[in-house]
Amino acid sequence: MTTPATISPTALYERMRTENLLVLQVTAPRVHARAHLPGAVPIAPADLIRGEPPAVGKLPPRDALRALFRRVGLTPDRAVVTCDDEGGGWAGRLAWTLDVIGHTDWCYLDGGMHAWAAAGLPFSAAPVEPVASDLDFDLDRRPVAELEEVVAALEVADTVIWDCRSAEEYAGLKRTAARNGHIPGAVHLDWLELMDRERGLALVGDLEARLAARGITRDRDVITHCQTHHRSGLAYMAARLLGFPRIRAYPGSWSEWGNRADTPVER
């Protein structure tokens, strides 16, 4: 895969004037209706998940993804900009999904709508009506780690499992499933630690050093997860932006792992 990049609000604003970028804003529909980047096409968070309990964050079926990306007007030759209103979780989930459908020509608006607002750039409330495409694709499973692959990875020293939930969830002190705790051997780095609150929720400047301090390095296989592969969307995207060659996400996440009786759990 090619290594994607971040883009600053001012750089994006200038490029939007001259280039046919597809800006995809992953926010609640009511948020998009009230304020969006000019011309940004809406995607609802629910569009990116399967929504079937207990593991609601699993990948939607191929037909559902094809309908979604046709609706928003994605074509193979069109560069995508991902953004959201929360510092990168949903934007990262979209970036992961783009990788899964084989569309790796994307970049991340660093900090999303918060950074855009901090830069004093305009929002719009005008309806956006994209021209539908006839996009087709096969799914690329390389960015995906299924439960069986995570179980197998527990025996591989070269693999690191990155749990980006809260410290309380990791320790098993917060109840989010039938069983609580963490995957044995998983390292913890909260997704919130990846955001710089002094710079409009842009990614922290010492991102790679923070990861390396937890043993999350580019020479290892990395599998990230949270509760539903929403917060770990940012973790996945951060590693991709750093150029990590072997990064996957576990979409079943803790909602699958913690609700089974046959998976090992540490507290």
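Coordinate-derived values only; no laboratory data. Fair warning: this is a prediction, and the values are worked out from it, not measured in the lab. Cβ atoms come from the backbone with ideal geometry, glycine included; neighbour counts cover every protein chain shown.
Let a ≥ b ≥ c be the square roots of the eigenvalues of the Cα gyration tensor of the stretch 30-79; is it rounded (a/c under 1.5), or, if not, prolate (a/b larger than b/c) or oblate?
Oblate.
Residue-wise, which Karplus ³J(HN,Hα) couplings in Hz belong to the stretch 58-70, taking 6.51 cos²θ - 1.76 cosθ + 1.60, θ = phi - 60°, and x for glycine or proline?
So the Karplus estimates, Gly and Pro as x, are 5, 5, x, x, 4, 4, 5, 5, 4, 5, 4, 6, 5 Hz.
Taking 0.36 nm per residue of sequence separation and subtracting the Cα-Cα distance, how much length would be gained by fully extending the chain between Ala213 and Val131, in nm to one decimal?
Roughly 25.0 nm would be gained on extension.
What is the calculated FRET efficiency for Asp105 to Val31, with r their C-beta to C-beta distance and R₀ = 25 Å, to the nearest 0.05?
That gives a FRET efficiency of 0.45.
Which residues' amide hydrogens lie under 5 Å from the amide hydrogen of Leu201, considering only partners 5 or more residues apart or on another chain, with H built in the peptide plane?
Close amide H contacts, sequence-distant or interchain: Asp196.
Using only alpha-carbon positions, what ratio does the radius of gyration of the stretch 119-212 give when scaled by 2.2 N^0.38 Å?
1.57
In the chain, how does Rg compare with the Kirkwood Rh, expressed as the Rg/Rh ratio over alpha carbon atoms?
0.96
What do you get for the angle between helix 89-100 and the principal long axis of the chain? Use alpha-carbon atoms, 0 to 90 degrees, nearest ten.
90
Which of Ala44, Thr82, Leu12 sits closest to the plus end of the dipole of the stretch 1-83, meaning its Cα is farthest towards the positive end, when Lys and Arg get +1 and Asp and Glu get -1 on the C-beta?
The listed residue farthest towards the positive side: Ala44.
How do Val131, Val31 rank when sorted from fewest to most other Cβ atoms within 10 Å of their own Cβ? Walk me through the intermediate numbers first.
Details: Val131 7, Val31 16.
The fewest-first ordering by Cβ neighbours comes to Val131, Val31.
Whole-Hz Karplus ³J(HN,Hα) for the stretch 30-41, in order, using 6.51 cos²θ - 1.76 cosθ + 1.60 and θ = phi - 60°, x for Gly and Pro?
Karplus-based 3J(HN,Hα) across the stretch 30-41 equals 5, 5, 4, 5, 8, 7, 8, 4, x, x, 5, 8 Hz.
Kirkwood hydrodynamic radius of the stretch 5-118 from all distinct Cα pairs, in Å?
Numbers: mean 1/r = 0.0701 Å⁻¹.
That comes to 14.3 Å for the stretch 5-118.
If you rank Met113, Met237 by fewest surrounding Cβ atoms within 10 Å, what's the result?
Least crowded to most crowded, the residues run Met113, Met237.
Would you mind counting up the charge near Arg231? Only other residues with Cβ under 14 Å from its Cβ, with Lys and Arg at +1 and Asp and Glu at -1.
Once all neighbours under 14 Å are counted, the net charge is -4.
Would you please give the residues with an amide H less than 5 Å from that of Cys107, counting only those at least 5 places away or on a separate chain, with H modeled from the backbone geometry?
Amide H neighbours of Cys107: Val80, Val81, Thr82.
Determine, from the Cβ-Cβ distance of Val204 and Thr10 and an R0 of 30 Å, the FRET efficiency 1/(1 + (r/R0)^6), rounded to the nearest 0.05.
So, using R0 = 30 Å, E works out to roughly 0.90.
If R₀ is 22 angstrom, what is the calculated FRET efficiency for the pair Val265 and Asp221, using the beta carbon separation as r and rounding to 0.05?
E(calc), rounded to 0.05, equals 0.55.
How much length would be gained if the chain were fully extended between His188 and Arg142, taking 0.36 nm per residue of separation minus their Cα-Cα distance, in nm to one decimal?
14.2 nm
Between Arg62 and Ser124, what length comes free when the chain is fully extended (0.36 nm per residue of separation minus the Cα-Cα distance, one decimal in nm)?
Value of the extension gain: 19.1 nm.
Could you line up Lys174, Lys58 from fewest to most neighbouring Cβ atoms inside 10 Å? Could you put the intermediate results ahead of the total?
Numbers: Lys174 12, Lys58 20.
By the 10 Å Cβ count, ascending, the order reads Lys174, Lys58.
Working from the pairwise distances between different alpha carbons, so that the mean of 1/r is found and then inverted, what is the stretch 188-267's Kirkwood radius in Å?
13.5
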